[in-house]
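Chemist: Please find one structure pasted underneath; my questions will follow.
The values are calculated or read from the model by the stated rules, or taken from the named source; none is laboratory data. These numbers come from a predicted model, not from an experiment. Reconstructed Cβ throughout: ideal geometry from the backbone, glycine too, with neighbour counts over all protein chains shown.
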Amino acid sequence: MLPARQKTVTVDALSEFLRAILSGAPELRNMAVRGEIQNFKRHNSGHVYFTLAGLESRISCVLFRSHAAGVLDWPHDGDEVVVTGSVEVYPKGGSYQLYATRMFPLGSGAQSRAREELREKLEKEGLFDPRHKRPLPKYPSKVAVITSPTGAAIQDILKVSANRAPFVDIVVVPATVQGLDAPVQVTRALSVCGRLKGISCLILARGGGSKDDLSPFDDERIVRAVRSCPVPVVTGVGHETDISLADMASDAALPTPSAAAERVFPDSRDIMRQLAHSRDILRSGAQRILARFQNSLERRDERISRLAASCLSEAEKFLDTSSKELFMRMGGAFERNERALSSAATALDAFSPLAVLGRGYAICRRADGAAAKSASDFARGDVLDARFRDGSVRATVESVSLDDLEC
């Protein structure tokens, strides 16, 4: 018999009540659980099921297909991993389980297998192809730096930039560079840098640490974000012997943040020496060019002088010959004209009335001035004027006699 006043609930109601409690706990929504993989199975549907074991406890886990695509074949039973996800109630099984979104290997064996499988996958896609690497700007104007704002890496980079190229602007994009949150924050920071205007290139850096501390830079999300960044990426995230997948995908990989900064920021002293050397080369080249031009002008001046002298000499000869010929022609013309004029004058003189008058003839004119052509032009008492060679006479006609002329 049920105790008095005891409320009865269904199994479904109890499961829903427990689910609501777990769903309402924010610390269970996005957590990281460390444990050992057991019973790892990949279903035909693409979902992955496994158990995560501690020293005395077990929790069932599921990695749905949408998230399982990022996990290759590396997980083995017995691998120690960190799984991120949310804890919820599975009503049909009457149990709680971890709905995983990501899985990270911890042991050296699992990490090596995971890294190698991912490397082979990305290499086949061409993410590490040297032909895809972009040249770094020789003289950057603005550089973005992705690193922890409180770490030693940013101080090293700022110190190098101040010593080598204080004229270059630096934009610090803060991000966690180790731990489980690093892949998300670094990927987000790379996306932010890709949208910044005027960025010449960027440095992705972190200080020293253990090899496990560098594991986020083997994360597929960071590797793809590095390769797809629209500006050249220089990495300085490890030590001499540590090469991450992000290093392999970057446009230039350096062992430390300081080395990365030295690679990106040009040395202003080298620039000044190069400028001085270039100035000397330009001055020397300009002097050689001016000397060649001067020599060329002098040679041309000599050629022009010789040519002018030759032309003047030829012109003088031509003028001398032409003037002589002209004078000869003019003399001949004068003589011909003089003979023609003399002949014309002789002919004119022969027809001149004065010549006729010189031979004893006279010209008679009537009183009205008209020339008399016949004796019949006069009558007794008319006045006539007779013009002789040396003078004239006025007379009065006393008589007129006409001769009987036969034609």
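Chemist: Do we have Leu127 as surrounded by 18 or more Cβ atoms within 10 Å (Cβ to Cβ), at negative phi and assigned to a helix (DSSP H, G or I) here?
Modeler: No; evaluated as a whole, the condition is false for this residue.
Chemist: Oh, and also: Which of the numbered conditions does Phe104 fail, given that it passes all the others? Conditions: (1) crowded, with 17+ Cβ neighbours inside 10 Å; (2) free of Cβ contacts under 8 Å to residues at least 60 places away in the same chain.
Modeler: Tallying (1) crowded, with 17+ Cβ neighbours inside 10 Å; (2) free of Cβ contacts under 8 Å to residues at least 60 places away in the same chain, Phe104 fails exactly one: (2).
Chemist: Would you check if Phe167 is loosely packed, with under 15 Cβ neighbours inside 10 Å and part of a loop (DSSP other than H, G, I, E, B)?
Modeler: Spelling it out, Phe167 is indeed loosely packed, with under 15 Cβ neighbours inside 10 Å and part of a loop (DSSP other than H, G, I, E, B).
Chemist: Go through the residues of the stretch 129-146 one by one and say whether even a single one is touching a strand residue (DSSP E or B) at 6+ places or on another chain (Cβ under 6 Å) and more than 30 Å from Met272 (Cβ to Cβ).
Modeler: yes
Chemist: Do we have Ile157 as farther than 23 Å from Thr84 by Cβ, of a type in the set (A, V, I, L, M) and within 24 Å of the chain's Cα centre (by Cα) here?
Modeler: No, not satisfied.
Chemist: Only one of these conditions is not met by Asp270: (1) touching a helix residue (DSSP H, G or I) at 6+ places or on another chain (Cβ under 9 Å); (2) in a helix (DSSP H, G or I); (3) touching a residue at least 24 places away in the same chain (Cβ under 8 Å). Which number is it?
Modeler: Going through the list (1) touching a helix residue (DSSP H, G or I) at 6+ places or on another chain (Cβ under 9 Å); (2) in a helix (DSSP H, G or I); (3) touching a residue at least 24 places away in the same chain (Cβ under 8 Å), Asp270 breaks only (3).
Chemist: Out of all the residues in the stretch 49-64, is one or more in contact (Cβ under 8 Å) with a residue 12 or more places away in the chain, of a type in the set (S, T, N, Q) and in the same structural domain as Ser23 (by TED's automatic domain parsing)?
Modeler: Yes, that holds for at least one residue.
Chemist: Taking the stretch 186-219 as the search range and keeping residues that are under 35 Å from the mean Cα position of the chain (by Cα), of a type in the set (D, E, K, R) and not in a loop (DSSP other than H, G, I, E, B), which one is surrounded by the fewest Cβ atoms within 10 Å (Cβ to Cβ)?
Modeler: Arg195
Listed here are the residues, each with its yes/no results for (1) touching a Leu at 6+ places or on another chain (Cβ under 7 Å); (2) β-branched (Val, Ile, Thr).
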{"site": "Val9", "(1), (2)": "no, yes"}
{"site": "Glu16", "(1), (2)": "no, no"}
{"site": "Leu28", "(1), (2)": "yes, no"}
{"site": "Asn39", "(1), (2)": "no, no"}
{"site": "His43", "(1), (2)": "no, no"}
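Chemist: Just to be sure I understand the filter: pairs with C-beta atoms under 7 Å, separated by 6 or more residues or on different chains, first member in the stretch 155-183 and farther than 12 Å from Ala205 by Cα and assigned by TED's automatic domain parsing to the domain that holds Ser215, second member at pLDDT below 90 and small (Gly, Ala, Ser). Which pairs pass?
Modeler: Going by the 7 Å Cβ cut-off, the qualifying pairs are Arg164/Ser268; Ala165/Ser268; Leu180/Ala32.
Chemist: Given the conditions (1) surrounded by 14 or more Cβ atoms within 10 Å (Cβ to Cβ); (2) not in a helix (DSSP H, G or I), and given that Val160 satisfies all but one, which numbered condition is not satisfied?
Modeler: Every condition holds for Val160 apart from (2).
Chemist: Hey, another quick one. Six or more apart or on different chains, Cβ atoms under 9 Å: show the pairs whose first residue is in the stretch 2-25 and farther than 12 Å from Glu88 by Cα and whose second is modelled with pLDDT under 75 and aliphatic (A, V, I, L, M).
Modeler: Qualifying pairs under 9 Å: Thr8/Leu2.
Chemist: Let me ask you something else. Taking the condition hydrophobic (A, V, I, L, M, F, W, C) and within 24 Å of Asp213 (Cβ to Cβ), does Val81 pass? Walk me through how you get there before you give the answer.
Modeler: Values: hydrophobic (A, V, I, L, M, F, W, C): yes; within 24 Å of Asp213 (Cβ to Cβ): yes.
For Val81, the condition - hydrophobic (A, V, I, L, M, F, W, C) and within 24 Å of Asp213 (Cβ to Cβ) - is met.
Chemist: Looking at this structure, is Val87 at pLDDT 80 or above, crowded, with 19+ Cβ neighbours inside 10 Å and either out of contact with any Cys (no Cβ under 9 Å at 6 or more places or on another chain) or charged (D, E, K, R) (or both)?
Modeler: Against the criterion (at pLDDT 80 or above, crowded, with 19+ Cβ neighbours inside 10 Å and either out of contact with any Cys (no Cβ under 9 Å at 6 or more places or on another chain) or charged (D, E, K, R) (or both)), Val87 does not qualify.
Yes or no, residue by residue, for (1) over 30 Å from Leu402 (Cα atoms); (2) exposed (fewer than 10 other Cβ atoms within 10 Å of the Cβ); (3) touching a Cys at 6+ places or on another chain (Cβ under 8 Å):
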| residue | (1), (2), (3) |
| --- | --- |
| Arg300 | yes, no, no |
| Leu312 | yes, no, no |
| Cys364 | no, no, no |
| Ser376 | no, yes, no |
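Chemist: Does the stretch 49-96 hold any residues that are of a type in the set (D, E, K, R), in a loop (DSSP other than H, G, I, E, B) and over 50 Å from the mean Cα position of the chain (by Cα), and which are they?
Modeler: If the condition is that a residue be of a type in the set (D, E, K, R), in a loop (DSSP other than H, G, I, E, B) and over 50 Å from the mean Cα position of the chain (by Cα), then Glu56, Asp77, Asp79, Lys92 are the ones that fit.
Chemist: Please go through the stretch 130-147 and pick out each residue that is assigned to a loop (DSSP other than H, G, I, E, B) and either among the hydrophobic types (A, V, I, L, M, F, W, C) or surrounded by fewer than 19 Cβ atoms within 10 Å (Cβ to Cβ) (or both).
Modeler: Within the stretch 130-147, Lys133, Arg134, Pro135, Leu136, Pro137, Lys138, Tyr139, Ser141 meet the criteria.
Chemist: Val237: surrounded by 24 or more Cβ atoms within 10 Å (Cβ to Cβ), out of contact with any Cys (no Cβ under 7 Å at 6 or more places or on another chain) and over 19 Å from Gly151 (Cβ atoms), yes or no?
Modeler: No; evaluated as a whole, the condition is false for this residue.
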